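J.: The structure follows.
The values are calculated or read from the model by the stated rules, or taken from the named source; none is laboratory data. No experiment lies behind these values; they were computed from the predicted model shown. A quick note on method: Cβ atoms are made from the backbone with ideal geometry, for glycine too, and the neighbour counts reach across all protein chains shown. Please note that ligands, DNA and RNA were not included when accessible areas were found on the heavy atoms of the full protein model with its side chains. Shrake-Rupley method; radii C 1.70, N 1.55, O 1.52, S 1.80 Å.
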Amino acid sequence: MSPLSVVNPFRSVGGVGNPKGVEPTLMVLFGATGDLAKRKIIPSIANLAQNGLLPSAFALLCVGRTDQTDDAYRAELKSTLREFAHGVPVEVIDALLRNVFFVRCPPDDPNSVRVLAERMVGIDRDRGTRGNRLFYLSTPPSAFFPILELLGRVRTQPGANPDRASYRVILEKPFGRDLETAIDLNRRLLDVFREHEIYRIDHYLGKETVQNVLVLRFANSIFEPLWNHRYIDHVQISVAETLGVEGRGGYYEESGALRDMVQNHILQLLCLVAMEPPAALDPESIRDERRKVLRSIRPILRDDVDLFAVRGQYGPGSIGGKRVPGYREEPSVKPNSRTETYAAVRFDIDNWRWAGVPFYLRTGKRLPKKVSEVAIVFRDIPHRLFDAQGPTELDANVLSLRIQPDEGIALKFGTKVPGFDMRVRPVKMDFQYGAAFGVAPPEAYERLLLDAMLGDPTLFIRGDIAEDAWRLVMPIVDVWANSTPEGFPNYESGSFGPAAADEMLERDGYSWRRF
Ligand code: BG6
C-alpha cells in the first residue's frame, strides 16, 4: 500500500475532497491538552476531514510535557472529539486518529530538539507528509519564547526542514501584552521564521461574515459611492457578550477588555470597514490597505484618554433571568480587581475618506445579548419635507452588518405608514445568511487552519499590523494602568454597560444602538 493511500481516508468518507490543492502537511500542535485545542482547534481539523478539505497526506503531532503513548493519547482525543466535533461521523474520527501522534517534548529539555526532529522525520516517512511543517502554538504566551528557540534549533536538524518544504507557524493571541512585548515577540519570531511563514491568528478575520464586509463593499456598486464622510455620519462597532470570564479569570486579570478584544478583533473589523479597495486580492495588497487604516487613525493623547475611552467592570446582576456573580466574585479574580470587562473607545481616521466621521468601538462581558455588529449610520437628510404633514419618526438610515449571531445585513430606512395621511416610520430590509443559503457558515478556525496549510496569510495579522494596533491602544493601556477606575464595579450584569459610555456618545450628539 502506498503511503498516500494509508493517509487519505478523508476523500472517501466525506465531502468534496481537497479541492484547493493543499500540500501534504504535518501539523505540530503545542498546547494540545489546553482548552482551545480541545474545543476549537482539533474539532476544526475533524470538520475539515469530514468535508474532505485536509491534504491528501495529513498528520497531527501533539506535543506535551507528560509521557504518553500514541494509543493512549488517541483514546483520550477520541472522547474529546465525540464531545466537541458534533456531527463528525465516527469513521472520520477514527481515520483522523490513525494519523495523530503524541510526543513528550518540554522545550527546556536539551533532548527535545533531537526527539522532535526525529519524530517529524519518522512521520514524514510513514505518512508521506513530505517535510511540510505547520507548527501551532496554542500555549500561554509565557511558553512562546522557549518553543520558538526549540523550533529554531529543530530547523537545523537533518531532515527537519527539507528544501522546498514549508516551515510555518501559527500563533494564538494574545500577541504580546503591550507594544514593547509585541516588538520583542516579532523579533524572536523573525530569528526562526520569515514573515511569510508566520501566521498570527485573529479568529475574527476567519468569520465568514467578517470576510463578507469586503464582498459587500467591493462586489457591489451601490455601497461604495456612499462609503465616505459625505454620506456617513458615524460608525459603531459593537462586540457584546453575555458570558462572563468563564473560568479564565487568571488570564483575564492580566488582560482586560481593551487588550482582549479592542487591540485585535475590533480594530481589525474597523480596518475592513474603513480600508481603501486593494489593488488586487493578494495577501499583501489587502494587508497593506488594512495597515494604512491603522496608520491613519489619530493617536489618542494621554491627556485625552478620559474623553475618548471609557472602562467598566460588571457587578452582580441577572442575564436571561439567571442571577450571575460580579467580576470580582469570579474564580482567580482579585476581590478589589481594577481590570476592565467593558471598554468603549472613539477613534478618528485622518484621511480623505473618513475626515470628521467618528468610529465608536465597544465591547463588554455580561451585557444583555451576544451580538457583534458594525453599524454604518448615514447622515441626516438635508431637509425634512414631511415634518409639515404631522409627526414623523425619521431615524437616520443605518446599514448594519451582523457578524453574529443571526449573521446578515440589514438596512433601515423610512417608509410611509399605510393610510390616508403622510406618516413616516422606519422599517428594516433584512438579509439573513441562514435563510438565504440554508447552510451554517464554517467555523473561523476551519477556514484559518486551511489557509495556513495553503500558505495564504491574508486573514492573519502581519507583524507590523500587530505593532500598529498596539501603538493605538497604548495611551489608554498606560493611563488606565496608572489610575484608579471610579466606582468599579460600575455596571450591572445584564445591563448595557457603564453610564459613562452613554455619556461619551451623548456629548457628540449620539447614542449607542440597542440590540
Ligand atoms: C476571544 C477572547 O479572543 O474572543 C474572549 O479572548 C472572547 O474573551 C472571544 O469571549 C469572543 O469570540 P467570539 O467568536 O465568541 O465572538
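J.: Would you please name the residue that is most open to solvent (accessible area, probe 1.4 Å), looking only at residues in segment 110-129 that are farther than 16 Å from Pro24 by Cα and not in a helix (DSSP H, G or I)?
T.: Restricting to residues being farther than 16 Å from Pro24 by Cα and not in a helix (DSSP H, G or I), the top hit is Pro110.
J.: Go through segment 434-468 and give me each residue that's surrounded by fewer than 19 Cβ atoms within 10 Å (Cβ to Cβ), in a helix (DSSP H, G or I) and touching a residue at least 60 places away in the same chain (Cβ under 8 Å).
T.: Listed by number, the residues that qualify are Leu454, Gly463, Asp464.
J.: Sort out for me the helices (runs of 4 or more DSSP H) sitting completely within segment 233-344 that have 1 or more residues that are among the charged types (D, E, K, R).
T.: 249-257, 283-296, 305-308
J.: Here's a check for you: in segment 391-404, which residue that is assigned to a loop (DSSP other than H, G, I, E, B) and at pLDDT 90 or above is most open to solvent (accessible area, probe 1.4 Å)?
T.: Applying the filter and picking the extreme gives Asn397.
J.: Take the conditions closer than 18 Å to Asp464 by Cα and either touching a His at 6+ places or on another chain (Cβ under 7 Å) or more than 16 Å from the ligand (Cβ to nearest atom) (or both) and apply them to Val293. Does it pass?
T.: Taking the combined requirement at face value, the residue satisfies it.
J.: What number of residues within segment 405-433 satisfy the criterion of being away from the ligand (no atom under 16 Å from the Cβ) and assigned to a loop (DSSP other than H, G, I, E, B)?
T.: Final tally of qualifying residues: 7.
J.: Follow-up. I need the full set of residues from segment 75-108 which are assigned to a loop (DSSP other than H, G, I, E, B) and among the charged types (D, E, K, R), in order please.
T.: Answer for segment 75-108, where residues must be assigned to a loop (DSSP other than H, G, I, E, B) and among the charged types (D, E, K, R): Arg98, Asp108.
J.: Taking only segment 196-253 into account, find how many residues are open to solvent by 60 Å² or more (accessible area, probe 1.4 Å), more than 16 Å from the ligand (Cβ to nearest atom) and of a type outside the set (S, T, N, Q).
T.: Total satisfying the criteria: 9.
J.: Let me ask you something else. Please indicate, with yes or no, whether at least one residue in segment 255-262 is under 20 Å from the mean Cα position of the chain (by Cα), within 16 Å of the ligand (Cβ to nearest atom), farther than 18 Å from Lys173 by Cα and open to solvent by 10 Å² or more (accessible area, probe 1.4 Å).
T.: Taking every residue of segment 255-262 in turn, none turns out to be under 20 Å from the mean Cα position of the chain (by Cα), within 16 Å of the ligand (Cβ to nearest atom), farther than 18 Å from Lys173 by Cα and open to solvent by 10 Å² or more (accessible area, probe 1.4 Å).
J.: Is it the case, given these coordinates, that Glu241 is in contact with a strand residue (DSSP E or B) (Cβ under 9 Å, 6 or more places away or on another chain) and acidic (Asp, Glu)?
T.: Answer is yes for this residue.
J.: Provide a single number: the residues in segment 60-94 that are of a type in the set (Gly, Ala, Ser) and in contact with a helix residue (DSSP H, G or I) (Cβ under 6 Å, 6 or more places away or on another chain). Steps first, please.
T.: From segment 60-94, those of a type in the set (Gly, Ala, Ser) are 64, 72, 75, 79, 85, 87; that's our starting set.
Narrowing the set further to residues that are in contact with a helix residue (DSSP H, G or I) (Cβ under 6 Å, 6 or more places away or on another chain) leaves 85.
The number of residues fulfilling the criteria is 1.
J.: Continuing with the same structure: Test each condition in (1) assigned to a loop (DSSP other than H, G, I, E, B); (2) within 16 Å of the ligand (Cβ to nearest atom) for Gly487 and report the one that comes out false.
T.: In the conditions (1) assigned to a loop (DSSP other than H, G, I, E, B); (2) within 16 Å of the ligand (Cβ to nearest atom), Gly487 misses (2) alone.
J.: For segment 48-71, which positions are under 24 Å from Ile147 (Cα atoms) and either assigned to a helix (DSSP H, G or I) or not hydrophobic (A, V, I, L, M, F, W, C) (or both)?
T.: Listed by number, the residues that qualify are Gly64, Arg65, Thr66, Asp67, Gln68, Thr69, Asp70.
J.: Just to be sure before I move on: is Leu394 of a type outside the set (Ser, Thr, Tyr), in contact with a helix residue (DSSP H, G or I) (Cβ under 8 Å, 6 or more places away or on another chain) and more than 16 Å from the ligand (Cβ to nearest atom) in the structure I sent?
T.: It is true that Leu394 is of a type outside the set (Ser, Thr, Tyr), in contact with a helix residue (DSSP H, G or I) (Cβ under 8 Å, 6 or more places away or on another chain) and more than 16 Å from the ligand (Cβ to nearest atom).
J.: Turning to a different aspect of this structure: Please determine, by comparing only the residues of segment 176-191 that are out of contact with any Phe, Trp or Tyr (no Cβ under 7 Å at 6 or more places or on another chain) and open to solvent by 20 Å² or more (accessible area, probe 1.4 Å), which one is nearest to the ligand (Cβ to nearest atom).
T.: Arg177
J.: On to the next question. Can you find a residue in segment 475-496 that is farther than 30 Å from Gly317 by Cβ, at pLDDT 95 or above and open to solvent by less than 30 Å² (accessible area, probe 1.4 Å)?
T.: Yes, segment 475-496 contains at least one residue that is farther than 30 Å from Gly317 by Cβ, at pLDDT 95 or above and open to solvent by less than 30 Å² (accessible area, probe 1.4 Å).
J.: Report yes if Ala280 is farther than 13 Å from Gly364 by Cα, surrounded by fewer than 17 Cβ atoms within 10 Å (Cβ to Cβ), of a type in the set (A, V, I, L, M) and away from the ligand (no atom under 16 Å from the Cβ), otherwise no.
T.: It is true that Ala280 is farther than 13 Å from Gly364 by Cα, surrounded by fewer than 17 Cβ atoms within 10 Å (Cβ to Cβ), of a type in the set (A, V, I, L, M) and away from the ligand (no atom under 16 Å from the Cβ).
J.: May I pose another question? Regarding segment 220-239, can at least one residue be identified that is under 18 Å from the mean Cα position of the chain (by Cα) and charged (D, E, K, R)?
T.: The answer is no; no qualifying residue exists.
J.: Residues being buried (at least 18 other Cβ atoms within 10 Å of the Cβ) and outside any strand (DSSP E or B): count how many of those fall in segment 358-379.
T.: Selection size over segment 358-379: 4.
J.: Listed residues Arg74, Arg65; which is open to solvent by 10 Å² or more (accessible area, probe 1.4 Å), in contact with a strand residue (DSSP E or B) (Cβ under 6 Å, 6 or more places away or on another chain) and of a type outside the set (S, T, N, Q)? Before the answer, list the steps.
T.: Values: Arg65 fails: in contact with a strand residue (DSSP E or B) (Cβ under 6 Å, 6 or more places away or on another chain).
The conditions single out Arg74.
J.: Please specify each residue of segment 204-232 satisfying the condition of being assigned to a helix (DSSP H, G or I) and closer than 23 Å to Pro358 by Cβ. Spell out the reasoning first.
T.: Initially, segment 204-232 is screened for residues assigned to a helix (DSSP H, G or I), giving 204-206, 208-218, 224-226.
Once the filter is applied, which keeps residues that are assigned to a helix (DSSP H, G or I) and closer than 23 Å to Pro358 by Cβ, segment 204-232 yields Tyr204, Val210, Val213, Leu214, Leu216, Arg217, Glu224, Pro225, Leu226.
J.: Tell me yes or no: at least one residue of segment 154-175 is more than 16 Å from the ligand (Cβ to nearest atom), in contact (Cβ under 8 Å) with a residue 60 or more places away in the chain and either within 26 Å of Ile465 (Cβ to Cβ) or among the basic types (Lys, Arg) (or both).
T.: Yes - at least one qualifying residue is present in segment 154-175.
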